[in-house]
Amino acid sequence: YSNGKAIASIGGKQSAGGCYLTTACVQHRGLADDCYELSTLRHFRDTYMQPTPEGAELIERYYNIAPQIVEKIKSQSDSSERLEFIYQKLVLPSVEMIEQGKKELAMEYYAAFTLTLEKHILSSSTSF
């Protein structure tokens, strides 16, 4: 796989401490904050998601929930594995979908993935 990006609100208003996409890329993988993955995701957020009501709602939801997810992941003994999972299963597939022009699918995938994270990470469950 060549390049990877996810679909949420990467960077921008969020810092690495509150964005699980940035945390997975920068803090876990050691990539630059302007790495290809995050740059692709930010561009997707700003040019495809933000202008639509559905996309804007997903971004708003992400800004509200992402810091809680990051905090919970960082408090777990397996945080490195969880962040790698987010990178491999959300960031990379999302970027690939964006590169292939499958923007609606990328947004739907992101929404479903984030809902799963919210359900499993923020509930009493420790697996996802």
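Looking at (1) under 15 Å from THR116 (Cβ atoms); (2) at pLDDT 95 or above; (3) of a type outside the set (S, T, N, Q), can you tell me which one ILE69 breaks?
Checking ILE69 against (1) under 15 Å from THR116 (Cβ atoms); (2) at pLDDT 95 or above; (3) of a type outside the set (S, T, N, Q), the one that fails is (2).
State the number of residues belonging to region 41-65 that are under 16 Å from LYS103 (Cα atoms) and open to solvent by less than 10 Å² (accessible area, probe 1.4 Å).
5
Name the residues in region 66-77 that are open to solvent by less than 90 Å² (accessible area, probe 1.4 Å) and over 11 Å from the mean Cα position of the chain (by Cα), would you?
Listed by number, the residues that qualify are PRO67, LYS72, ILE73, SER75, GLN76.
If ASP33 satisfies all but one of (1) open to solvent by 50 Å² or more (accessible area, probe 1.4 Å); (2) in a helix (DSSP H, G or I), what's the number of the condition it fails?
Of the numbered conditions (1) open to solvent by 50 Å² or more (accessible area, probe 1.4 Å); (2) in a helix (DSSP H, G or I), the odd one out for ASP33 is (2).
The conditions are (1) surrounded by 13 or more Cβ atoms within 10 Å (Cβ to Cβ); (2) of a type in the set (D, E, K, R); (3) free of Cβ contacts under 8 Å to residues at least 24 places away in the same chain, and LYS119 fails exactly one of them. Which is it?
For LYS119, the exception is condition (1).
Determine which member of the set GLY4, GLY12 is at pLDDT below 95, part of a loop (DSSP other than H, G, I, E, B) and at positive phi.
Going through GLY4, GLY12 in turn, the sole match is GLY12.
Looking at this structure, is ALA106 modelled with pLDDT under 95 and either surrounded by 19 or more Cβ atoms within 10 Å (Cβ to Cβ) or in a helix (DSSP H, G or I) (or both)?
The answer is no for ALA106.
Would you check if PRO51 is over 15 Å from the mean Cα position of the chain (by Cα) and not hydrophobic (A, V, I, L, M, F, W, C)?
In short, yes.
Starting from region 89-103, take each residue that is part of a helix (DSSP H, G or I) and list its partners that are open to solvent by 70 Å² or more (accessible area, probe 1.4 Å), counting only C-beta distances under 6 angstrom and pairs at least six apart or across chains.
So the pair list comes out as LEU92/TYR1; MET97/LEU105.
The values are calculated or read from the model by the stated rules, or taken from the named source; none is laboratory data. Treat the numbers as computed from the prediction; the structure is a model and nothing was measured. We place every Cβ from the backbone using ideal geometry, glycine too, and count neighbours over all the protein chains shown. The area values use the complete protein model at the heavy-atom level, side chains included, leaving out ligands, DNA and RNA. Shrake-Rupley method; radii C 1.70, N 1.55, O 1.52, S 1.80 Å.
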